[in-house]
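Below: the structure, in structure tokens.
The values are calculated or read from the model by the stated rules, or taken from the named source; none is laboratory data. Note that the structure is a prediction, hence the values are computed from the model and not measured. Methodologically, a virtual Cβ is constructed for each residue, glycine included, from the backbone with ideal geometry; neighbour enumeration extends over all protein chains shown.
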């Protein structure tokens, strides 16, 4: 700790603090433009100049100067004010004064400072910029005439996002921020630069001219897309979500957001939202009143339960409270056939991790990743499914020189990070590489085998996975594999990252077991500062597992229910917040099941392809319309807050389920989420937290480090390699999450339709250009998809994301992770 | 004392005679208000559009909350008020809107005859305010 005096106030701060941070933390205001909490100090704007007794004769930028013992700092004096005023005058020489039409007006740092320092005249004259605005991209408006060259966008894009879209070009007065060759922005559109910009140079285009900042009602809630659980702030005007703002002061994940969180909100306001319950009369779905619809559903479910049985299948974007109510409903109905979309598909967590580590969650928290020495990411898709954790990995790599190891069948964002080592295997062979890593650890005696069960069996099962054999099968360099294993074993702290989700159903259990083996052999599981992270695809995937939204001992799981329905062995299916036709593997089977089942109830935001087949469709509420809690992939329980009312007569899933429960004769009634959450705490000890005490950072159940209950090595049986000239894999695309984002304008503006991604070499061989329609045939199915040509795909490997129902990718993928296909124009 | 009373009365009587009266025969005769008079608002037009850029400062400053603005983007990519309405029944004619306007797009005219028979007629839309 260091002692210093600022404005006569004695303060003590950590020795790595800067003068600015020391002042800020002690309630002393120093104005800044280019400083941001999550970025490294830069010192571009010179607004934060202060006087230091020991460095007399010049003014010192407080945001870049570290504190020293006995420092005496003055933050305001006549001279300082004069200098700051001059700096503002310099900035205003060429900054266009179009505050009345600038959307930043009202929350603009330059505007505020100009007001604070009463800069009403300018002693300097100069030409105003007259640069064209960047209008080539759909989401971010760049008006460089307003830029003050603080460099925040350049830095956030490099330091946090790791994309590097921007740079300063030209010199002197001509300096400006530009993209490569000044061609306009073409990036992943996370909008981080927009949230960083202190002036109106970077603005969200969908929000253009919509409202003034002071008119917006702000509600902090949790993003409803993936399992990162980022805090999003809804900007609400007239009961409508007009924009998403960020919260880097108290929010989870430092206010970092991706394109889905930042621009994917518009589905909430969509005109396609269901507003009234629909009941099938004859061949048509007819709008009706809630009373009737609920009666029909209750009667139908009761009848089915008395017959061959009813099943309940839920999505993983319900709040914990709603899931609890759904469990309760299953009890009232008397059925054990209950599952969430992940239950069957995400075997990785539900079975794999439970068998090996005895826990069903990530063992660490995301902020710890930043301080690890080695990060092992399984599949490059990790960045695509969980972009904001990807940003944390980027920070670990760039700031703390962590070694990033990627085990993947294709290239991607993570592989491009500095010093990243990619163990590039054939598609679907990541498991072999993980087993290979384990085998190297055992072979070279690097493994920490104390207290591990099942070592002998593992050694036997891994005999086939020597580095050389793995190298021959997967194409990964044997020496690179050995080196990676040594790095993992030698790391002080390490993180193993694995994402799971609907497109990754095959081999998910095996992958989780292999990752868990690796975490046990390296001692990562449960070690302070390290962890194995299993990240769920949806906002509350973890909550669904924690609450046990899973089949009873004698009940059917998701796939089993669909099988039973397809075989005529199930009389009713109640699908809540999921569109299995579009997202589950093996669409033909799902369609058959939904057509065969005599009574189908679907509860959703939109008339999805599943809902179109239903007997009753119940309109539900989105994440922005309900209160409750989500549990993110690091076990953080966070409050979800309603910001806007539901459209029409739509109700929250919780209200609907509770009403149905009452209709079916259920005895439990709750006054609201708080009461339900208290009830959950009685069932699930980890959730015994006071609802009102869940703060902006949430509550991490199990603590920062979750200790494994068991240490049992499991066997991960690898699949045989799929041969073929062209091999197709599926997964998540960065801009989308599940199927909901295909209703949101932001992500759609960037990725509007399904595609098949291929390498340049393949495109050249096939004579295919970007945007051409190609036929991809395999597994007895032919798909017509637009071609996307880039550098990340290895030759012979094709990738098609699963989000779009019209692509029919899940028609082709039934149980396999890789399919040998033919491709033609 | 009498002198003082007589002096005072003389002023009073002076106003009784024609030419010295301050009242006029309204509505036959109308007074011209002072230049600073705050009457009905007017939106200042430009060649092809209104001068207003929909910056929302007037509805923000308005103490009676009688101004409704909705901004939008026109074909040229400029910000303009798609809706601009003043509810005269609520307006207190304080003139803050004029003072707040950064582009001098709103002014107050000398029109003070604002009585009407229908409630709706007190809603001054953009078109009416531009006249």
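For this structure, a couple of remarks:
- Within the option set A:45, A:147, being touching a strand residue (DSSP E or B) at 6+ places or on another chain (Cβ under 7 Å) and either surrounded by 19 or more Cβ atoms within 10 Å (Cβ to Cβ) or free of Cβ contacts under 8 Å to residues at least 40 places away in the same chain (or both) holds for one residue only, A:147.
- If you go through the stretch A:784-823 and pick out every residue that is closer than 15 Å to residue A:760 by Cα and out of contact with any helix residue (DSSP H, G or I) (no Cβ under 6 Å at 6 or more places or on another chain), you end up with 13.
- Candidates are the residues of the stretch A:345-374 that are part of a helix (DSSP H, G or I) and surrounded by fewer than 22 Cβ atoms within 10 Å (Cβ to Cβ); the one that is nearest to the chain's Cα centre (by Cα) is A:367.
- For residue A:190: the one exception among (1) away from every other protein chain (no Cβ under 14 Å); (2) closer than 30 Å to residue A:628 by Cβ; (3) in a loop (DSSP other than H, G, I, E, B); (4) in contact with a strand residue (DSSP E or B) (Cβ under 9 Å, 6 or more places away or on another chain): (4)
- Of the listed requirements (1) under 26 Å from residue A:360 (Cα atoms); (2) out of contact with any helix residue (DSSP H, G or I) (no Cβ under 7 Å at 6 or more places or on another chain); (3) not in a helix (DSSP H, G or I), residue A:445 misses just one: (1).
- Strands (runs of 3 or more DSSP E) contained entirely in the stretch A:760-825, each with at least 1 residues that are surrounded by fewer than 21 Cβ atoms within 10 Å (Cβ to Cβ) and touching a strand residue (DSSP E or B) at 6+ places or on another chain (Cβ under 6 Å): A:773-778, A:781-790, A:818-824
- Residues (farther than 23 Å from residue A:416 by Cα, out of contact with any helix residue (DSSP H, G or I) (no Cβ under 7 Å at 6 or more places or on another chain) and not in a helix (DSSP H, G or I)) located in the stretch A:170-187: A:170, A:171, A:175
- Of all residues in the stretch A:75-107, those that are under 26 Å from residue A:174 (Cβ atoms), touching a strand residue (DSSP E or B) at 6+ places or on another chain (Cβ under 7 Å) and more than 14 Å from every other protein chain (Cβ to nearest Cβ) total 2.
- Considering (1) within 14 Å of chain B (Cβ to nearest Cβ); (2) part of a loop (DSSP other than H, G, I, E, B), the lone condition that residue A:249 does not fulfil carries the number (1).
- The listed residue being outside the structural domain of residue A:254 (by TED's automatic domain parsing), in contact with a strand residue (DSSP E or B) (Cβ under 7 Å, 6 or more places away or on another chain) and modelled with pLDDT under 95, out of A:9, A:15, A:37: A:15
- As a summary of the residue check, residue A:385 satisfies the conditions (1) within 21 Å of the chain's Cα centre (by Cα); (2) without any contact (Cβ under 8 Å) to a residue 24 or more places away in the chain except for the one numbered (2).
- Residue within the stretch A:130-141 that is buried (at least 19 other Cβ atoms within 10 Å of the Cβ), more than 13 Å from every other protein chain (Cβ to nearest Cβ), in contact (Cβ under 8 Å) with a residue 24 or more places away in the chain and closer than 26 Å to residue A:747 by Cα present: yes
- Extreme residue, farthest from the other protein chains (Cβ to nearest Cβ), among residues of the stretch A:61-74 that are buried (at least 16 other Cβ atoms within 10 Å of the Cβ) and under 40 Å from the mean Cα position of the chain (by Cα): A:67
- Failed item in (1) within 30 Å of residue B:102 (Cβ to Cβ); (2) modelled with pLDDT of 90 or more, with residue B:48 passing the rest: (2)
- Condition check for residue A:692: outside any loop (DSSP other than H, G, I, E, B), modelled with pLDDT under 95 and more than 30 Å from residue A:759 (Cβ to Cβ): yes
- Residues that are in a loop (DSSP other than H, G, I, E, B) and more than 21 Å from residue A:729 (Cβ to Cβ) within the stretch A:478-508 comprise A:491, A:492, A:493, listed in sequence order.
- Of residues in the stretch A:108-119 being within 25 Å of residue B:54 (Cβ to Cβ) and surrounded by fewer than 16 Cβ atoms within 10 Å (Cβ to Cβ), the one farthest from the other protein chains (Cβ to nearest Cβ): A:112
- Odd one out for residue A:632 among (1) closer than 28 Å to residue A:242 by Cα; (2) modelled with pLDDT of 95 or more: (2)
- Among residues of the stretch A:202-244 being within 12 Å of chain B (Cβ to nearest Cβ) and assigned to a loop (DSSP other than H, G, I, E, B), the one that is nearest to residue A:536 (Cα to Cα) is A:216.
- Meets criteria (modelled with pLDDT of 95 or more and in contact with a strand residue (DSSP E or B) (Cβ under 9 Å, 6 or more places away or on another chain)) for residue A:542: no
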